[in-house]
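Please read the structure below before turning to the comments.
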Amino acid sequence: MSEKNNLLPSGLPRIESLEMRGIVKKFPGVLANDHVDFDVQAGEIHALLGENGAGKSTLMKILYGLYQPEEGEILLNGERIEIHSPTDSINHGIGMIHQHFMLVDNVTVAENVALGLKSSKGMRLDLDVVSARIRELADKYHLQVNPNAIISKLAVGERQRVEIVKALYRGAALLVLDEPTAVLTPQEVDDLFVIFKQMAADGHALIFISHKLNEIFALTHRVTVLRDGKLIGTVNTSDVTKADLANMMVGREVLLTRDRQPRETGEARLVLENVNAFNDDGQSVLKNISFEVRSGEIVGVAGVSGNGQRPLAEAIAGLQKVENGRVLMAGSDVTNFTPAQMFDTGLSYIPEERMHDGCIKNFSVAENAILQDYVRPPFSKGIFLNFKAIASHAQELIESFNVKTPSQETLIKNLSGGNIQKLILARELAREPHVLIAAQPTRGVDIGATEYIHGQLLRQRAAGLATLLISEDLDEVKAMSDRIVVLYGGEIMGIVKSDEVTIAQLGLMMAGERADEVFAA
């Protein structure tokens, strides 16, 4: 092969192939990777798929030099290499785009890209050189990145493009993409996929980690599935179905479609009237929010992360002050009630940050099962806890909601994300609420636990519960909701029936277009 063919269009050295053979990684009591084989070729987008705890992240952390394997080898273009640190990985042309952006907000794009690199001008900054190279890379891959822009002023999709440029600038011919679409609108996802496909066409090798099967089929050439640390198989994406991949991940048939039967709704259980709220800096986070959730109805809230979803949930739950407007539960004004008062009115709340707001990680499963109710009978009498009643209640939740735990005395931090989420759901539903706020109920949860959580929410809908479902997963919102409230910048862009709107139309509203403009187009 000629020297020219050994280079990517960006001028970077090409990686023809990368292989991981017989990778073994152990942690105390856990075999995270059990003789796993994985490979990716130049020009390929290869998906890595599996449930939580399957070993995906561990395998990629080994490739990126963050972990060292007990056994196995890594081959680059057929030759064995040693990767002891991320620096080694970068020097071999391997880059990683993290799910959570690794950018400094108050400096420019060029300064972020140059951070940690040697200057070509010795002691002087060479931002002009950096900016010129950024423009060159941005032009080649249609990334639309301004080197002089301040990161904090950029939209989420623009920040994602900066992360890609940063990796390319450092010489990445192989990119590991860790949930790169988690906070993007459908239109931004489409734009990003065009970029990824162009990179693959130009000879880059891409490893794509995602739990969204639609994305796997839209983007990738091959899929490798891990389960319980073992390699289940590598298949051509075009040769399998979503059901096939789900079965490989879980080891059983998985229900991928949600049977949301039409039903008559009842009375309005939750009503918001012109609700406004501000953050600690005096900035408006909710602007004249008005909608209702009725008995037997799931109302979804869609929006790109940071557009008012969390303040909305917290304003209802008593954690965010409502500046003006009203919140009503079953016709009674509960505006600015405390969280304890809201729970007493019949509200249950699954917060989006389960480890920060939904549980106490150093408490046991049983203790977390009674977090709000420990001061009430039968769990306490005066200052004394009734440990027998607590144990009985915890065991009932564990069995009824299929929470996988060694025992109810296990610290909750030692459970998988899906099992923690199931326990929180069990705890909140066990209180027999009139209204449930479910914020990001399946974020970071594997396909098996997601199936279970969705089934529980639909069963509660059938039983008459009024549910406000807040999610950044548009497929989830559309499949589960009867009506959808779309937020942008703390304002409602539209309230639409789920069956009468497309994903593309929701994406336009999430980007700031009002419903009347979207449907008039």
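Results, tabulated for the structure shown:
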{"quantity": "The range 8-54, Cα convex hull volume normalised per residue, Å³", "calculated": "106"}
{"quantity": "Of every Cα-Cα pair in the range 17-250, the percent that sits beyond 21 Å", "calculated": "57"}
{"quantity": "Potential extension, N362-V194 segment - 0.36 nm per residue separation minus Cα distance", "calculated": "56.1 nm"}
{"quantity": "Gap separating the Cα centres of the range 214-281 and the range 118-194, nearest whole Å", "calculated": "29"}
{"quantity": "Reachable aspartates and glutamates from K197, criterion Cα separation under 13 angstrom, eight or more residues apart if same chain", "calculated": "E44, E215"}
{"quantity": "Distance between modelled label sites at V129 and D37, nm, 7 Å Cα→Cβ extension", "calculated": "4.5"}
{"quantity": "Kirkwood-Stokes translational diffusion coefficient of the range 101-197, alpha-carbon pairs, 37 °C, 0.692 mPa s, µm²/s", "calculated": "237"}
{"quantity": "The chain: antiparallel DSSP beta bridges as a percent of all, rounded to 5", "calculated": "60"}
{"quantity": "Out-of-range pairs (alpha-carbon distance over 26 Å; input K26/K388; K140/K212; K361/K422)", "calculated": "K26/K388; K140/K212"}
{"quantity": "Translational diffusion coefficient (Stokes-Einstein; Kirkwood radius from C-alpha pairs) of the range 364-521 at 37 °C, 0.692 mPa s, in µm²/s", "calculated": "187"}
{"quantity": "Normalised convex hull volume, the range 408-487, alpha-carbon set, Å³ per residue", "calculated": "103"}
{"quantity": "Per-selection metrics, the range 460-521 (Cα): Rg and Dmax in Å", "calculated": "11.9, 39"}
{"quantity": "Taking the convex hull of Cα positions in the chain, its mean projected area over all directions (nm²)", "calculated": "27.2"}
{"quantity": "Radius 14 Å from Cβ of R227, net charge of other residues (Lys, Arg +1; Asp, Glu -1)", "calculated": "-2"}
{"quantity": "Difference of contour (0.36 nm per residue) and Cα-Cα distance, V104 to F217", "calculated": "37.3 nm"}
{"quantity": "Spin-label model distance (nm) - S85 vs D244, 7 Å beyond Cα toward Cβ", "calculated": "4.4"}
{"quantity": "Ellipsoid semi-axes in whole angstrom, largest first, where each is sqrt(5λ) of the Cα gyration tensor of the range 392-435", "calculated": "18, 12, 8"}
{"quantity": "Zone of A463's modelled label, taken as backbone nitrogen in the range 280-304 under 17 Å from a point 7 Å along Cα→Cβ", "calculated": "295-298"}
{"quantity": "Mean-position separation - Cα centroids, the range 299-377 and the range 449-521, in angstrom", "calculated": "20"}
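FYI, it's all coordinate maths here, none of it is from the lab. None of the values given here were measured: they were computed from a predicted structure. Backbone-built Cβ (ideal geometry, glycine too); neighbour counts: all protein chains shown.
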